[in-house]
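Enquirer: Take a look at the following structure, please.
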Amino acid sequence: MRPFDGQQLQGGKPDRVGEFPGQRGGGGQRVLVAIAVVRTGGMACYLLVDGVWSFLVVTVAFVALANGGSAVRTALVAALVSDNRARVRELARQRVAQHVGYAAGAALGAAVLAVDRPAGYTVAVAANALTFAVFAAITATVPGRRVGGPTRPVRANVRAALGDLPYVGVTAVVALFSLCWAMLSTGLPLWIAESTRLPLVLSGIVVVISSVGIAAGQVPATRLARTPASAARTAVCSGVALAASCLLLATTAGGAGAVAVTVVVTAALAHLAGELGYVASSWALSLGLARERALGAYQGLAEAATATVQIFGPALFTVAVGRYGPVGWLLVAAIFLLAASLLPVLVRRALHNRPADP
């Protein structure tokens, strides 16, 4: 992560709400550290769970901060790196690191499940809590100098973000592409288990393909979304790829054997291409269309839109795929294509009406 130019650092007193030009990484850094500390405690609280309700309370408290943390990380990168292309590149590197961590965590989790002993689960939870504490400590040491352009404090200005209707429109449509995550976590396993004669382990293989592909391809994919205009074009291609993945899966109804497996793997590769393009485009659009001095609020709005879609995503796939079968996949494909068709127009409107920074 590139550092922050210190020519405007004049003390830690905030000039306006959410604006901390004199502090390392700004208010976003402190918020991200606080989120990591709270999630450390939340993960540790799993050791105290003794029933369904306590499990639900701890889970809600722990998971609720995940999306907020993502928005704050993006705002922190924006505060530390001045060029949007470099910002997207840094976010891609973060995502690669995340998926390497996911892969390692999945392997360790499989080992814990294989042992299947209370002590093993206790050690796993405690070790996971420790990782959040380490993340908090590392985040607190992020250097506070910015390089690569004029320094401008990034502040939270919710009214500016919500009042930028073209940006709100782009954000809402881009969020629809995030259904690709529920597609992989809910739609595919449900489909394989209930509508095909394929082994359920195939859904796990698809997740491995996705994780490895993201680790290898997310940084190169950012080259396809260097500007809002190119990001819109990439998102269109992503929508088509995700729709094609849905259509391929629809053809495997009742399928079994090598042919059906090949179709599912091909659908997984189309999904991977769509996800890589979508994620790169979402960063380029959420950063490139935002007001520089209110990036924190803009990123919060983008993350809130994505989180809203994620709330309803599993239910959508449960109903569409679980109840309507192949027709459900056609419905989801139509949603991806609709988002792809609307986005270029909305991005052009947002660029034309982009508000100037005060």
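The values are calculated or read from the model by the stated rules, or taken from the named source; none is laboratory data. All figures in this text were calculated on a predicted structure; none of them were measured in a lab. Using ideal geometry, Cβ is built from the backbone for each residue, glycine included, and neighbour counts are taken over all protein chains shown. Heavy atoms of the whole protein, side chains included, go into the accessibility calculation; ligands, DNA and RNA do not. Shrake-Rupley method; radii C 1.70, N 1.55, O 1.52, S 1.80 Å.
Enquirer: Along the charge dipole of the range 284-358, Cβ charges K/R +1 and D/E -1, which of ALA339, ALA294, GLY313 sits furthest on the positive end?
Expert: ALA339
Enquirer: Ok, one more. Relative to 2.2 N^0.38 Å, what does the C-alpha radius of gyration of the chain come to as a ratio? Two decimals please.
Expert: Compared with the compact-globule rule of thumb, the chain sits at 1.03.
Enquirer: While we're looking at this one, here's another question. Assuming 0.36 nm per residue, please report the length gained on full extension of the stretch LEU247 to GLN98 beyond their Cα-Cα distance.
Expert: Extending this stretch completely gives an extra 50.7 nm.
Enquirer: Let me see the P(r) profile for the range 196-342: every Cα-Cα distance counted, bins of 10 Å, each bin given as a percent of all pairs.
Expert: Computed distribution, short to long bins: 11, 34, 36, 15, 3, 0.
Enquirer: Accessible area per residue for the chain in Å², computed with a 1.4 Å probe and the full protein assembly in place, what is it?
Expert: Result: 47 Å² of accessible area for each residue.
Enquirer: Hey, another quick one. Among residues other than LEU165 whose Cβ falls under 13 Å from its Cβ, what is the net charge (Lys/Arg +1, Asp/Glu -1)?
Expert: Overall, the nearby charge balance is +2.
Enquirer: Calculate what fraction, in whole %, of the accessible area of the chain sits on carbon and sulfur atoms when a 1.4 Å probe is rolled over the protein chains. Walk me through the intermediate numbers first.
Expert: Values: 11650 of 16790 Å².
Answer for the chain: carbon and sulfur cover 69 percent of the accessible area.
Enquirer: If you place +1 on the Cβ of every Lys and Arg, -1 on the Cβ of every Asp and Glu, and leave all else neutral, what size is the dipole of the chain about its Cα centre, to the nearest 20 Debye? Working shown, then result.
Expert: On the way: 28 positive and 13 negative charges, 213 e Å.
Computed about the Cα centre, the dipole is about 1020 debye.
Enquirer: Could you give the length gained on full extension between VAL63 and ALA229, defined as 0.36 nm per residue of separation minus the Cα-Cα distance, in nm?
Expert: 56.4 nm
Enquirer: Please give the calculated 222 nm ellipticity per residue for the chain, where each DSSP H segment of at least 4 residues contributes -39500 (n - 2.57) and the sum is spread over every residue; nearest 500 deg cm²/dmol? Don't jump to the answer; show the numbers that get you there.
Expert: Details: 13 runs with 268 residues, N = 358.
After summing the helix terms and dividing by the residues of the chain, the value is -26000 deg cm²/dmol.
Enquirer: For the range 229-304, evaluate the Debye formula with one uniform point scatterer on each Cα (no solvent term) and list log10 I(q)/I(0) at q = 0.20, 0.21 Å⁻¹, rounded to two decimals.
Expert: Those come out to -0.81, -0.85, one per q.
Enquirer: Label point 7 Å out from GLU194 along Cα-to-Cβ: which residues of the range 301-322 have amide N under 13 Å?
Expert: It comes to 314-322, nothing else.
Enquirer: In addition: Would you tell me the accessible area of ASP50, worked out with a 1.4 angstrom probe on the heavy atoms of the protein chains, in Å² to the nearest 10?
Expert: 140
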